[in-house]
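The values are calculated or read from the model by the stated rules, or taken from the named source; none is laboratory data. Source: prediction; values computed, not measured. Using ideal geometry, Cβ is built from the backbone for each residue, glycine included, and neighbour counts are taken over all protein chains shown. Please note that ligands, DNA and RNA were not included when accessible areas were found on the heavy atoms of the full protein model with its side chains. Shrake-Rupley method; radii C 1.70, N 1.55, O 1.52, S 1.80 Å.
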Amino acid sequence: MLVNIKRTFTPKPAILAQAMEGRQAKWNIFLNGLAALGVGIGAIYSELIVMIPYFAVAAIAFHGNVSETATILAQLAATVVPIILLPLYVRFVEKRSLRTMGFVKEHAVTDYLLGMVIAFAMFSACVGICAATGAMTFGGYVLSGQYLSLALLFLGFLVQGASEETVCRGFMMTSFGSKGGALAGMLFNSLVFG
């Protein structure tokens, strides 16, 4: 069954056709799946490059007394590591264009902003449904002057979301899908991402 997955989508989506132009090694569904999973997980754990020094400094300089917000911000900042490492891997090891990962120059900012608006609308709809059904109640909020922390958290979650997209859809789904077909790429990404 998996041998014929390559023929499921005809013609092959343009992004997968471009990704196939990279390094042409003999493709094995199991080995390539493990390789994509390994590189993806490695990219996620590469965040330790940022987190280990952070916790070392926090333990020494602040005797471990660091706010929860500061730790969350450091973890969010650490998610930039896969955004840097995976494009380097794709460009120099797989010999693919960064366009195959979804990195494009034209309309990048407007497309990203449009995605944010759509995400906000979808999230608002979920919150509205929960509020309307009584599954959620709003008890107010207390910022008490933490506007800078809130803004930094917002920016951190933007980076975290971009990192997630880079690892899962930009790398794993495209790498696997370029060899095994679009359906194989989507199934593999869904299995790994959940």
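At-a-glance table
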{"read-out": "Test for VAL66: is it closer than 30 Å to LEU155 by Cβ, modelled with pLDDT under 80 and in a loop (DSSP other than H, G, I, E, B)", "value": "yes"}
{"read-out": "Checking ALA119 against (1) of a type in the set (Gly, Ala, Ser); (2) without any contact (Cβ under 8 Å) to a residue 24 or more places away in the chain; (3) closer than 23 Å to SER175 by Cβ, the condition it does not meet", "value": "(3)"}
{"read-out": "Single match in ILE15, ILE29, ILE83, ILE72 (criterion: closer than 26 Å to LEU183 by Cα and either modelled with pLDDT of 75 or more or polar (S, T, N, Q) (or both))", "value": "ILE83"}
{"read-out": "Search result, residues across the range 127-154 that are in contact (Cβ under 8 Å) with a residue 40 or more places away in the chain and open to solvent by 50 Å² or more (accessible area, probe 1.4 Å)", "value": "GLN146, LEU152"}
{"read-out": "PHE171 within 20 Å of PRO82 (Cβ to Cβ) and touching a Leu at 6+ places or on another chain (Cβ under 8 Å)", "value": "yes"}
{"read-out": "Of residues in the range 94-126 being in contact with a Gly (Cβ under 9 Å, 6 or more places away or on another chain) and part of a loop (DSSP other than H, G, I, E, B), the one surrounded by the fewest Cβ atoms within 10 Å (Cβ to Cβ)", "value": "LYS95"}
{"read-out": "Flag if GLY177 is within 23 Å of GLY38 (Cβ to Cβ), of a type outside the set (A, V, I, L, M, F, W, C) and open to solvent by less than 90 Å² (accessible area, probe 1.4 Å)", "value": "yes"}
{"read-out": "Among (1) open to solvent by 60 Å² or more (accessible area, probe 1.4 Å); (2) closer than 19 Å to TYR89 by Cβ; (3) β-branched (Val, Ile, Thr), the one test that VAL167 misses", "value": "(1)"}
{"read-out": "The range 72-93, residues that are more than 19 Å from GLU164 (Cα to Cα) and either open to solvent by less than 30 Å² (accessible area, probe 1.4 Å) or not in a helix (DSSP H, G or I) (or both)", "value": "VAL93"}
